[in-house]
Amino acid sequence: MSAAAPRGARSRRDLLIDTTLDVIAEHGVAGTTHRRVAAAAGVPLGSTTYYFADLADLLQAAFGRFADLISERFEARLAPARTPAEAITAITDFLLGDDDPRELALSYEFYALAIRQPAVAALVEAWFARSQQALAPFFDAVTARMIDTHVEGLFTYRGLAHDAADGPEIRRALELLSGISAAE
């Protein structure tokens with residue numbers, strides 16, 4: 001592939017990855033095919049096999065992109081924090097601001113596929129490690145892992161439950177997990 005693509009222009013490979021995420025969000029992994037992705041992207045069917053060895057390769061690229069996007073947003077939310085209390089506030093704001101049904105569906109599909117495909121499981125593990133690394137300046141390793149676990153669980157809960165946790169409840173749970181009051 002040429003590196004001379006115009007600035008801001010997506011390569012066909014990038015278009016296929018982004019479109020795959022849209023197809024997964026709409027049809028699930030089980031309903032995602034090369035044909036469906038190519039049609040949604042408006043490209044010839046052969047493009048999918050030109051850029052990706054098989055459907056598993058395409059799914060890995062798509063979920064890798066998804067994990068990177070969520071991680072970047074989480075890291076950006078934490079970046080201004082200087083103290084553990086500010087980190088708790090940033091995490092609470094992150095959780096309250098990210099109720100996108102598309103992203104929730106993608107997360108569920110990602111986790112389900114990871115159960116069956118070791119390469120995808122490695123992507124999930126790397127995603128978790130990246131989140132914990134973002135938390136490391138504020139919390140010890142065990143606390144960072146527990147907070148990350150709580151964040152992942154809250155995304156699931158908030159996506160499925162009618163009585164999802166609100167800001168004060170989320171903040172209180174993070175304070176209990178960390179042993180730090182956000183008011184400090």
Which of the residues spanning region 23-40 are in contact (Cβ under 8 Å) with a residue 24 or more places away in the chain, open to solvent by 20 Å² or more (accessible area, probe 1.4 Å) and either over 19 Å from Ser107 (Cα atoms) or not aliphatic (A, V, I, L, M) (or both)?
His34
Quick check: anything in region 154-176 under 13 Å from the mean Cα position of the chain (by Cα), open to solvent by 20 Å² or more (accessible area, probe 1.4 Å), within 30 Å of Asp57 (Cα to Cα) and without any contact (Cβ under 8 Å) to a residue 40 or more places away in the chain?
no
Residues being small (Gly, Ala, Ser), assigned to a helix (DSSP H, G or I) and open to solvent by less than 60 Å² (accessible area, probe 1.4 Å) - total across region 73-88:
2
Checking Asp57 against (1) touching a residue at least 60 places away in the same chain (Cβ under 8 Å); (2) open to solvent by 20 Å² or more (accessible area, probe 1.4 Å); (3) within 19 Å of Ala121 (Cα to Cα), which single condition isn't satisfied?
(1)
Would you say Ser107 is within 12 Å of the chain's Cα centre (by Cα) and within 22 Å of His27 (Cβ to Cβ)?
yes
Kindly evaluate Pro101 against the criterion of being surrounded by fewer than 15 Cβ atoms within 10 Å (Cβ to Cβ) and either within 13 Å of Phe155 (Cα to Cα) or in contact with a Gly (Cβ under 8 Å, 6 or more places away or on another chain) (or both).
yes
Only residues that are among the aromatic types (Phe, Trp, Tyr) and over 21 Å from the mean Cα position of the chain (by Cα): list them for region 73-85, please.
none
Taking into account only those residues within region 49-72 that are among the polar types (S, T, N, Q) and within 23 Å of the chain's Cα centre (by Cα), which is farthest from Ala129 (Cα to Cα)?
Gln60
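The values are calculated or read from the model by the stated rules, or taken from the named source; none is laboratory data. Note that the structure is a prediction, hence the values are computed from the model and not measured. Methodologically, a virtual Cβ is constructed for each residue, glycine included, from the backbone with ideal geometry; neighbour enumeration extends over all protein chains shown. What goes into the accessible areas is simple: the full protein's heavy atoms, side chains included, and nothing from ligands, DNA or RNA. Shrake-Rupley method; radii C 1.70, N 1.55, O 1.52, S 1.80 Å.
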